[in-house]
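J.: Handing you a structure now.
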Amino acid sequence: MPVLTSSADFRILLTDLPQPDRAALAAADARNGRLTKPQGALGGLEMLAIWYAGWRGAETPAITRPQIVIYAGNHGVATNGISAFPPEVTAQMVANFAAGGAAINQLAREGGAMLDVIPLDLDRPTADFTQAPAMTEADLVNALSAGWESVDPQADVFIAGEMGIGNTTVAAAIAAALLGGGAEAWIGRGTGLDDAGLARKRAAVEAGLMRHAAVLDDPLEVLRCLGGREVAAMTGAIARARVERIPVILDGFICCAAALVLQRLNEGALDHAVAGHLSEETAHRRLLTALGKEPILSLGLRLGEGSGAALALPVLKAAVACLSGMATFGEAGVTEG
(Lines give C-alpha, C1' and ligand atoms only; values in the text may rest on other atoms or scores of the structure.)
Protein backbone atom coordinates (compact mmCIF):
# COMPACT_ATOMS: atom_id res chain seq x y z
CA MET A 1 0.00 0.00 0.00
CA PRO A 2 1.26 3.52 -0.76
CA VAL A 3 2.43 5.82 2.02
CA LEU A 4 0.66 9.17 2.21
CA THR A 5 3.19 11.98 2.23
CA SER A 6 0.92 14.82 1.12
CA SER A 7 -2.72 15.62 0.52
CA ALA A 8 -1.88 15.44 -3.19
CA ASP A 9 -1.08 11.75 -2.71
CA PHE A 10 -4.52 11.25 -1.23
CA ARG A 11 -6.22 13.02 -4.12
CA ILE A 12 -4.41 10.77 -6.60
CA LEU A 13 -5.49 7.62 -4.73
CA LEU A 14 -9.12 8.60 -5.13
CA THR A 15 -8.96 9.01 -8.91
CA ASP A 16 -8.89 5.28 -9.72
CA LEU A 17 -10.79 3.29 -7.09
CA PRO A 18 -11.53 -0.45 -7.17
CA GLN A 19 -15.01 -1.52 -8.21
CA PRO A 20 -17.14 -4.44 -7.03
CA ASP A 21 -16.69 -7.84 -8.66
CA ARG A 22 -19.38 -7.96 -11.37
CA ALA A 23 -19.25 -11.75 -11.67
CA ALA A 24 -19.76 -12.16 -7.91
CA LEU A 25 -22.62 -9.65 -7.98
CA ALA A 26 -24.34 -11.55 -10.77
CA ALA A 27 -23.78 -14.93 -9.09
CA ALA A 28 -25.07 -13.70 -5.72
CA ASP A 29 -28.11 -12.14 -7.38
CA ALA A 30 -28.85 -15.36 -9.22
CA ARG A 31 -28.42 -17.44 -6.08
CA ASN A 32 -30.70 -15.11 -4.14
CA GLY A 33 -33.38 -15.72 -6.76
CA ARG A 34 -33.18 -19.49 -6.20
CA LEU A 35 -33.30 -19.51 -2.37
CA THR A 36 -36.17 -21.23 -0.59
CA LYS A 37 -38.35 -18.15 -0.10
CA PRO A 38 -40.75 -16.08 -2.17
CA GLN A 39 -39.03 -13.53 -4.39
CA GLY A 40 -38.13 -10.44 -2.35
CA ALA A 41 -39.42 -11.94 0.91
CA LEU A 42 -36.32 -10.87 2.85
CA GLY A 43 -36.69 -7.28 1.67
CA GLY A 44 -33.67 -5.08 2.22
CA LEU A 45 -31.61 -7.98 3.55
CA GLU A 46 -31.39 -9.34 0.02
CA MET A 47 -29.86 -6.22 -1.49
CA LEU A 48 -27.47 -5.87 1.46
CA ALA A 49 -26.19 -9.39 0.97
CA ILE A 50 -25.76 -9.03 -2.79
CA TRP A 51 -23.97 -5.70 -2.32
CA TYR A 52 -21.64 -7.32 0.21
CA ALA A 53 -20.94 -10.29 -2.07
CA GLY A 54 -19.90 -7.97 -4.88
CA TRP A 55 -17.33 -6.18 -2.76
CA ARG A 56 -15.94 -9.42 -1.32
CA GLY A 57 -15.85 -11.14 -4.71
CA ALA A 58 -17.73 -14.23 -3.56
CA GLU A 59 -21.13 -15.72 -4.40
CA THR A 60 -21.47 -17.09 -0.84
CA PRO A 61 -19.43 -14.77 1.40
CA ALA A 62 -19.08 -14.90 5.18
CA ILE A 63 -18.36 -12.21 7.76
CA THR A 64 -15.75 -13.47 10.19
CA ARG A 65 -13.41 -10.54 10.84
CA PRO A 66 -15.24 -7.21 11.32
CA GLN A 67 -13.16 -4.30 12.59
CA ILE A 68 -14.21 -1.20 14.51
CA VAL A 69 -11.76 1.65 15.07
CA ILE A 70 -12.50 4.67 17.25
CA TYR A 71 -10.48 7.80 16.51
CA ALA A 72 -10.25 10.49 19.18
CA GLY A 73 -9.30 14.14 18.76
CA ASN A 74 -9.67 17.48 20.52
CA HIS A 75 -10.92 20.68 18.92
CA GLY A 76 -9.89 24.27 19.42
CA VAL A 77 -13.37 25.43 18.47
CA ALA A 78 -14.60 23.90 21.75
CA THR A 79 -13.29 27.00 23.54
CA ASN A 80 -16.33 28.81 22.12
CA GLY A 81 -18.69 27.00 24.46
CA ILE A 82 -20.25 24.85 21.75
CA SER A 83 -20.48 21.59 23.73
CA ALA A 84 -22.30 20.52 26.87
CA PHE A 85 -19.13 18.69 28.00
CA PRO A 86 -15.58 19.99 28.61
CA PRO A 87 -12.69 18.91 26.32
CA GLU A 88 -11.05 16.74 29.01
CA VAL A 89 -13.91 14.26 28.55
CA THR A 90 -12.28 13.12 25.29
CA ALA A 91 -9.25 11.65 27.08
CA GLN A 92 -11.43 10.30 29.88
CA MET A 93 -13.59 8.43 27.39
CA VAL A 94 -10.50 7.05 25.62
CA ALA A 95 -9.51 5.55 28.98
CA ASN A 96 -13.04 4.18 29.33
CA PHE A 97 -12.80 2.55 25.90
CA ALA A 98 -9.48 0.99 26.87
CA ALA A 99 -11.02 -0.35 30.08
CA GLY A 100 -13.97 -1.85 28.21
CA GLY A 101 -16.55 0.33 29.93
CA ALA A 102 -18.23 2.15 27.04
CA ALA A 103 -21.27 1.24 24.97
CA ILE A 104 -19.12 0.51 21.93
CA ASN A 105 -17.16 -2.11 23.86
CA GLN A 106 -20.35 -4.04 24.55
CA LEU A 107 -21.66 -3.65 20.99
CA ALA A 108 -18.35 -4.69 19.44
CA ARG A 109 -18.26 -7.81 21.59
CA GLU A 110 -21.85 -8.72 20.68
CA GLY A 111 -21.07 -8.23 16.99
CA GLY A 112 -17.86 -10.29 17.16
CA ALA A 113 -15.77 -7.31 16.06
CA MET A 114 -12.20 -6.34 16.79
CA LEU A 115 -12.07 -2.94 18.50
CA ASP A 116 -9.15 -0.53 18.33
CA VAL A 117 -8.89 2.97 19.80
CA ILE A 118 -6.54 5.58 18.33
CA PRO A 119 -6.05 8.86 20.23
CA LEU A 120 -4.70 11.61 17.98
CA ASP A 121 -2.59 14.25 19.76
CA LEU A 122 -5.18 14.82 22.48
CA ASP A 123 -2.80 17.18 24.27
CA ARG A 124 -2.64 19.33 21.13
CA PRO A 125 -6.13 20.42 20.06
CA THR A 126 -6.69 21.66 16.55
CA ALA A 127 -6.76 25.41 16.12
CA ASP A 128 -10.05 27.23 16.66
CA PHE A 129 -11.41 27.32 13.12
CA THR A 130 -13.17 30.62 13.75
CA GLN A 131 -9.69 32.19 13.99
CA ALA A 132 -7.41 30.03 11.80
CA PRO A 133 -7.32 26.80 9.80
CA ALA A 134 -7.98 23.90 12.15
CA MET A 135 -5.01 21.94 10.83
CA THR A 136 -1.80 22.49 8.96
CA GLU A 137 -1.08 20.45 5.86
CA ALA A 138 1.14 18.20 8.00
CA ASP A 139 -1.61 17.74 10.59
CA LEU A 140 -4.07 16.77 7.86
CA VAL A 141 -1.73 14.28 6.22
CA ASN A 142 -0.81 12.73 9.58
CA ALA A 143 -4.48 12.28 10.46
CA LEU A 144 -5.40 10.85 7.05
CA SER A 145 -2.43 8.49 7.37
CA ALA A 146 -3.43 7.41 10.88
CA GLY A 147 -6.82 6.37 9.54
CA TRP A 148 -5.38 4.80 6.40
CA GLU A 149 -2.87 2.69 8.34
CA SER A 150 -5.36 1.60 11.02
CA VAL A 151 -7.44 -0.53 8.64
CA ASP A 152 -6.69 -4.25 8.85
CA PRO A 153 -6.41 -5.51 5.24
CA GLN A 154 -7.82 -8.85 6.44
CA ALA A 155 -10.98 -7.25 7.86
CA ASP A 156 -14.20 -8.11 6.05
CA VAL A 157 -16.31 -5.22 7.41
CA PHE A 158 -15.03 -1.86 8.64
CA ILE A 159 -16.66 0.63 11.01
CA ALA A 160 -15.15 4.02 11.89
CA GLY A 161 -16.18 5.55 15.20
CA GLU A 162 -15.12 8.76 16.90
CA MET A 163 -14.72 10.60 20.17
CA GLY A 164 -14.06 14.32 20.33
CA ILE A 165 -15.79 17.00 22.34
CA GLY A 166 -17.05 19.60 19.86
CA ASN A 167 -17.04 17.39 16.80
CA THR A 168 -20.72 17.82 15.92
CA THR A 169 -19.82 21.49 15.38
CA VAL A 170 -16.96 20.40 13.12
CA ALA A 171 -19.25 18.05 11.20
CA ALA A 172 -21.87 20.77 10.79
CA ALA A 173 -19.24 23.16 9.44
CA ILE A 174 -17.99 20.58 6.92
CA ALA A 175 -21.53 19.79 5.76
CA ALA A 176 -22.42 23.47 5.42
CA ALA A 177 -19.22 24.13 3.49
CA LEU A 178 -19.70 21.25 1.06
CA LEU A 179 -23.48 21.20 0.72
CA GLY A 180 -24.53 24.79 1.39
CA GLY A 181 -27.53 25.93 3.38
CA GLY A 182 -25.60 27.87 6.01
CA ALA A 183 -25.04 26.99 9.65
CA GLU A 184 -28.73 26.86 10.52
CA ALA A 185 -29.35 23.90 8.20
CA TRP A 186 -26.72 21.73 9.87
CA ILE A 187 -26.34 22.51 13.56
CA GLY A 188 -28.04 20.45 16.26
CA ARG A 189 -27.91 20.03 20.02
CA GLY A 190 -25.20 17.37 19.90
CA THR A 191 -24.70 15.94 23.38
CA GLY A 192 -27.41 18.15 24.86
CA LEU A 193 -26.82 21.85 24.26
CA ASP A 194 -29.26 24.38 25.68
CA ASP A 195 -30.54 27.29 23.55
CA ALA A 196 -27.63 29.56 24.47
CA GLY A 197 -25.14 26.85 23.56
CA LEU A 198 -26.91 26.24 20.28
CA ALA A 199 -26.63 29.94 19.46
CA ARG A 200 -22.89 29.82 20.17
CA LYS A 201 -22.58 26.77 17.94
CA ARG A 202 -24.38 28.56 15.11
CA ALA A 203 -22.13 31.59 15.48
CA ALA A 204 -18.99 29.43 15.46
CA VAL A 205 -19.99 27.62 12.28
CA GLU A 206 -20.94 30.89 10.58
CA ALA A 207 -17.61 32.44 11.59
CA GLY A 208 -15.71 29.42 10.29
CA LEU A 209 -17.50 29.50 6.96
CA MET A 210 -16.80 33.19 6.59
CA ARG A 211 -13.14 32.95 7.56
CA HIS A 212 -12.44 30.07 5.18
CA ALA A 213 -14.75 31.11 2.34
CA ALA A 214 -11.90 31.01 -0.16
CA VAL A 215 -11.44 27.22 0.13
CA LEU A 216 -15.04 26.00 0.32
CA ASP A 217 -14.91 24.58 -3.22
CA ASP A 218 -12.09 22.18 -2.28
CA PRO A 219 -13.20 19.23 -0.08
CA LEU A 220 -9.73 18.45 1.30
CA GLU A 221 -9.12 22.08 2.17
CA VAL A 222 -12.52 22.17 3.87
CA LEU A 223 -11.43 19.15 5.90
CA ARG A 224 -8.14 20.84 6.79
CA CYS A 225 -9.60 24.22 7.69
CA LEU A 226 -12.84 23.18 9.40
CA GLY A 227 -12.24 19.56 10.37
CA GLY A 228 -10.47 17.68 13.12
CA ARG A 229 -7.91 14.94 13.42
CA GLU A 230 -10.42 12.20 14.21
CA VAL A 231 -12.66 13.31 11.34
CA ALA A 232 -9.74 13.28 8.90
CA ALA A 233 -8.67 9.88 10.22
CA MET A 234 -12.13 8.51 9.45
CA THR A 235 -11.87 9.95 5.94
CA GLY A 236 -8.54 8.20 5.46
CA ALA A 237 -9.81 4.91 6.89
CA ILE A 238 -12.96 4.78 4.74
CA ALA A 239 -10.79 5.44 1.66
CA ARG A 240 -8.37 2.65 2.62
CA ALA A 241 -11.29 0.26 3.09
CA ARG A 242 -12.37 1.06 -0.48
CA VAL A 243 -8.89 0.32 -1.81
CA GLU A 244 -8.97 -3.03 0.03
CA ARG A 245 -12.57 -3.74 -1.12
CA ILE A 246 -13.71 -3.92 2.50
CA PRO A 247 -17.40 -3.01 2.92
CA VAL A 248 -18.02 -0.13 5.34
CA ILE A 249 -20.94 0.56 7.65
CA LEU A 250 -21.17 4.30 8.22
CA ASP A 251 -22.09 5.57 11.68
CA GLY A 252 -23.81 8.86 12.49
CA PHE A 253 -23.55 12.53 11.59
CA ILE A 254 -19.84 12.96 12.26
CA CYS A 255 -18.77 9.83 10.41
CA CYS A 256 -21.00 10.77 7.49
CA ALA A 257 -19.42 14.25 7.35
CA ALA A 258 -16.02 12.56 7.08
CA ALA A 259 -17.40 10.35 4.31
CA LEU A 260 -18.90 13.38 2.53
CA VAL A 261 -15.38 14.66 1.88
CA LEU A 262 -14.66 11.50 -0.11
CA GLN A 263 -17.90 11.72 -2.05
CA ARG A 264 -17.15 15.30 -3.03
CA LEU A 265 -13.69 14.26 -4.22
CA ASN A 266 -15.02 11.29 -6.21
CA GLU A 267 -18.76 10.83 -6.68
CA GLY A 268 -18.58 7.02 -6.44
CA ALA A 269 -16.13 6.87 -3.55
CA LEU A 270 -18.76 5.57 -1.11
CA ASP A 271 -20.18 2.76 -3.22
CA HIS A 272 -18.60 0.30 -0.76
CA ALA A 273 -20.45 1.88 2.19
CA VAL A 274 -23.93 1.57 3.67
CA ALA A 275 -25.50 3.76 6.35
CA GLY A 276 -25.81 1.93 9.65
CA HIS A 277 -28.47 4.13 11.17
CA LEU A 278 -30.32 7.43 11.27
CA SER A 279 -29.21 9.32 14.35
CA GLU A 280 -31.11 11.83 16.46
CA GLU A 281 -28.78 14.63 15.33
CA THR A 282 -31.02 17.08 13.49
CA ALA A 283 -29.26 17.19 10.14
CA HIS A 284 -28.22 13.55 9.81
CA ARG A 285 -31.17 12.70 7.56
CA ARG A 286 -30.28 15.58 5.25
CA LEU A 287 -26.68 14.41 5.12
CA LEU A 288 -27.69 10.81 4.36
CA THR A 289 -29.87 12.10 1.53
CA ALA A 290 -26.89 13.98 0.10
CA LEU A 291 -24.83 10.78 0.31
CA GLY A 292 -27.60 8.75 -1.32
CA LYS A 293 -27.81 6.33 1.61
CA GLU A 294 -30.83 4.79 3.33
CA PRO A 295 -30.19 3.86 6.98
CA ILE A 296 -30.46 0.24 8.09
CA LEU A 297 -31.72 1.25 11.56
CA SER A 298 -33.47 4.23 13.13
CA LEU A 299 -33.38 4.03 16.92
CA GLY A 300 -32.93 7.65 17.98
CA LEU A 301 -29.26 7.20 18.87
CA ARG A 302 -26.97 10.19 19.37
CA LEU A 303 -23.93 8.65 21.05
CA GLY A 304 -21.27 8.40 18.37
CA GLU A 305 -18.43 5.96 19.09
CA GLY A 306 -19.50 3.93 16.04
CA SER A 307 -22.42 2.65 18.11
CA GLY A 308 -25.13 2.88 15.46
CA ALA A 309 -22.97 1.17 12.85
CA ALA A 310 -22.02 -1.52 15.37
CA LEU A 311 -25.72 -2.16 16.01
CA ALA A 312 -26.27 -2.55 12.27
CA LEU A 313 -23.43 -5.07 11.98
CA PRO A 314 -25.54 -8.05 13.12
CA VAL A 315 -28.16 -7.11 10.54
CA LEU A 316 -25.55 -7.24 7.79
CA LYS A 317 -24.22 -10.52 9.18
CA ALA A 318 -27.73 -11.95 9.13
CA ALA A 319 -28.24 -10.84 5.54
CA VAL A 320 -25.00 -12.49 4.44
CA ALA A 321 -25.80 -15.65 6.42
CA CYS A 322 -29.14 -15.99 4.64
CA LEU A 323 -27.59 -15.59 1.19
CA SER A 324 -24.78 -18.02 1.87
CA GLY A 325 -26.46 -20.50 4.19
CA MET A 326 -29.99 -20.94 2.90
CA ALA A 327 -30.71 -23.82 0.56
CA THR A 328 -31.86 -23.22 -2.98
CA PHE A 329 -35.11 -24.81 -4.17
CA GLY A 330 -33.04 -27.36 -6.05
CA GLU A 331 -30.79 -28.20 -3.09
CA ALA A 332 -33.75 -28.59 -0.73
CA GLY A 333 -35.97 -30.47 -3.13
CA VAL A 334 -38.70 -27.86 -2.69
CA THR A 335 -41.05 -27.12 -5.57
CA GLU A 336 -40.79 -23.55 -6.82
CA GLY A 337 -43.93 -21.44 -7.07
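J.: Six or more apart or on different chains, Cβ under 6 Å: which pairs go from a residue in segment 50-61 that's among the acidic types (D, E) and outside any helix (DSSP H, G or I) to one that's open to solvent by 30 Å² or more (accessible area, probe 1.4 Å) and modelled with pLDDT under 95? Could you list them?
T.: none
J.: Filter segment 269-287 down to residues that are of a type in the set (G, A, S) and outside any loop (DSSP other than H, G, I, E, B) and give me whichever is nearest to A241 (Cα to Cα).
T.: Per the stated criteria, the residue is A273.
J.: Please go through segment 177-195 and pick out each residue that is touching a residue at least 40 places away in the same chain (Cβ under 8 Å) and in a helix (DSSP H, G or I).
T.: The answer is A177, L178, L179, A185.
J.: Here are the criteria: (1) outside any helix (DSSP H, G or I); (2) touching a residue at least 60 places away in the same chain (Cβ under 8 Å); (3) touching a strand residue (DSSP E or B) at 6+ places or on another chain (Cβ under 7 Å). Tell me which single one A108 does not satisfy.
T.: (1)
J.: May I pose another question? Just one of the numbered conditions (1) at pLDDT 95 or above; (2) crowded, with 18+ Cβ neighbours inside 10 Å; (3) out of contact with any strand residue (DSSP E or B) (no Cβ under 8 Å at 6 or more places or on another chain) is not true of I159; which one?
T.: For I159, the failing item is (3).
J.: Right, another one. Only residues that are within 30 Å of D156 (Cα to Cα) and of a type in the set (V, I, T): list them for segment 92-136, please.
T.: Answer for segment 92-136, where residues must be within 30 Å of D156 (Cα to Cα) and of a type in the set (V, I, T): V94, I104, V117, I118.
J.: Kindly indicate whether A241 is farther than 26 Å from E280 by Cα, in contact with a Phe, Trp or Tyr (Cβ under 7 Å, 6 or more places away or on another chain) and touching a residue at least 40 places away in the same chain (Cβ under 8 Å).
T.: yes
J.: Also, I was wondering about something else. What are the residues in segment 295-310 that are of a type outside the set (S, T, Y), without any contact (Cβ under 8 Å) to a residue 60 or more places away in the chain and part of a loop (DSSP other than H, G, I, E, B), if any?
T.: L299, G300, L301
J.: A further question follows. Can you confirm whether segment 257-264 contains a residue that is within 25 Å of A102 (Cα to Cα) and open to solvent by 60 Å² or more (accessible area, probe 1.4 Å)?
T.: Within segment 257-264, none of the residues are within 25 Å of A102 (Cα to Cα) and open to solvent by 60 Å² or more (accessible area, probe 1.4 Å).
J.: Pick out the one residue from G40, G33 that is open to solvent by less than 70 Å² (accessible area, probe 1.4 Å) and in contact with a helix residue (DSSP H, G or I) (Cβ under 8 Å, 6 or more places away or on another chain).
T.: Only one candidate passes the filter, namely G40.
J.: Determine whether A207 is open to solvent by 30 Å² or more (accessible area, probe 1.4 Å), in a helix (DSSP H, G or I) and small (G, A, S).
T.: So A207 fits the description; yes.
J.: Would you be able to say whether some residue in segment 120-134 is modelled with pLDDT of 95 or more, open to solvent by less than 40 Å² (accessible area, probe 1.4 Å) and not in a loop (DSSP other than H, G, I, E, B)?
T.: no
J.: Another one. For segment 239-263, name all the residues that are over 26 Å from R189 (Cβ atoms) and either aliphatic (A, V, I, L, M) or in contact with a Pro (Cβ under 8 Å, 6 or more places away or on another chain) (or both).
T.: Result: A239, A241, R242, V243, E244, R245, I246, V248, L262.
J.: Additional query: Can you name every residue in segment 281-337 that is open to solvent by 70 Å² or more (accessible area, probe 1.4 Å) and among the basic types (K, R)?
T.: Listed by number, the residues that qualify are R285, R286, R302.
The values are calculated or read from the model by the stated rules, or taken from the named source; none is laboratory data. Owing to the predicted nature of the structure, the values given are computational and were not obtained by experimental measurement. Note that each Cβ is placed from the backbone with ideal geometry, even for glycine, and that neighbours are counted across all protein chains shown. Please note that ligands, DNA and RNA were not included when accessible areas were found on the heavy atoms of the full protein model with its side chains. Shrake-Rupley method; radii C 1.70, N 1.55, O 1.52, S 1.80 Å.
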